[in-house]
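Take a look at the structure set out below.
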Amino acid sequence: MSDRPIRIVAAAGSVRPGHFTGKALALVAEEVAASDDASIDVVDISGLRLPLPGEEATDDVKALQERFSAATGVVLATPEYHGSYSSVTKLLIDNLGFPSVLSGKPVGLLGVAAGQIGAIKALEHLRSVCSHVGAIVLPGPVSVAGCHKLFDEAGRCIDASTEKRLRGLAANLLDYIRGSICPRVALEEAARSGETQWMKRVTE
């Protein structure tokens, strides 16, 4: 068994070079990586050939689904475009299969926008879609407003409050997994192995 049993897969729904969504997501990923029991796999969508719905699946689609399928939890980050999440984010979700490999997985949401009201609308719409495909969307999504003022030229966050909220998104997801997913998995593994001690613990 891995010494980091929790596996988080994250993706930003933007392909623009140097996008702020990726800069914000990097802090979430950094917080996950700092944990002793979790690893992070950040998917670079810009390097993948993802077909439109109805087009023939590519090898990248299979690999993408395998990466998300192996995840204990997921972080989806999106910029807000025209009052909703990006088309890149939707293309990602559409290529995660039907039934979706997101089904049954805890998902933390992050939205990034240049405007002062943040990515509230994008997150509302993204929550609806993720719930529809069966994901367990966690409360407390993070909306980042005025993103162009929050990062320096090197991509570092220069606002302590924003950094705290982004790191908190990672902590919230990990806390949920530790409290809800890990005990269930351990119980299922014990049951499959024929161990009977777990039955005593449950009935005590």
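Any read-out appearing in this document is the output of simple, stated calculations on the displayed coordinates, not a laboratory observation. Only a predicted model underlies this, so the values are computations on that prediction, with no experimental measurement involved. Quick reminder, even Gly has a Cβ in these numbers, built from the backbone with ideal geometry, and neighbours come from all protein chains shown.
The table for this structure:
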| quantity | calculated |
| --- | --- |
| Amide H partners (placed H, <5 Å) of G111, local residues excluded | T78, V142, S143, V144 |
| Distance (nanometres) between label positions extended 7 Å along Cα→Cβ at D36 and S131 | 3.7 nm |
| Residue with peak Gaussian network fluctuation, the chain [Cα springs, cutoff 10 Å], from E163, E30, E153 | E153 |
| Rounded to 10°, Cα long-axis angle of helix 120-132 versus longest principal axis of the chain | 30 degrees |
| Highest-MSF residue in the chain out of C157, C182, C147 [GNM, Cα springs under 10 Å] | C182 |
| In Hz, Karplus ³J(HN,Hα) per residue of region 92-101 (6.51, -1.76, 1.60; θ = phi - 60°; x = Gly, Pro) | 4, 4, 4, 8, 8, x, 9, x, 6, 6 |
| Backbone HN-Hα couplings from phi across region 146-163 [Karplus 6.51/-1.76/1.60, Hz, Gly and Pro as x] | x, 4, 5, 9, 9, 10, 7, 5, 8, x, 7, 6, 10, 10, 5, 5, 5, 4 |
| Of V43, S161, L92, farthest towards positive along the dipole that unit charges on Lys, Arg, Asp, Glu beta carbons give the chain | S161 |
| Within the chain, percent of DSSP bridges classed antiparallel, to nearest 5 | 10 percent |
| Region 6-203, dipole about Cα centre (Lys/Arg Cβ +1, Asp/Glu Cβ -1), debye to the nearest 20 | 480 debye |
| On Cα atoms only, tilt of 182-193 relative to the major axis of the chain in degrees | 40 degrees |
| Spatial separation of Cα centroids for region 131-183 and region 54-102, in angstrom | 18 Å |
| Positive-end extreme of charge dipole, the chain - chosen from A122, T78, V9 (charges on Cβ) | A122 |
| Histogram of C-alpha separations across region 6-203, 5 Å bin width, % | 1, 7, 16, 19, 20, 15, 10, 5, 3, 2, 1, 0 |
| Restraint check, K62/K105; K90/K149; K121/K164; K90/K164, Cα-Cα greater than 24 Å | K90/K149; K90/K164 |
| Over region 76-161 - Rg/Rh using Cα atoms and the Kirkwood inverse-distance radius | 1.02 |
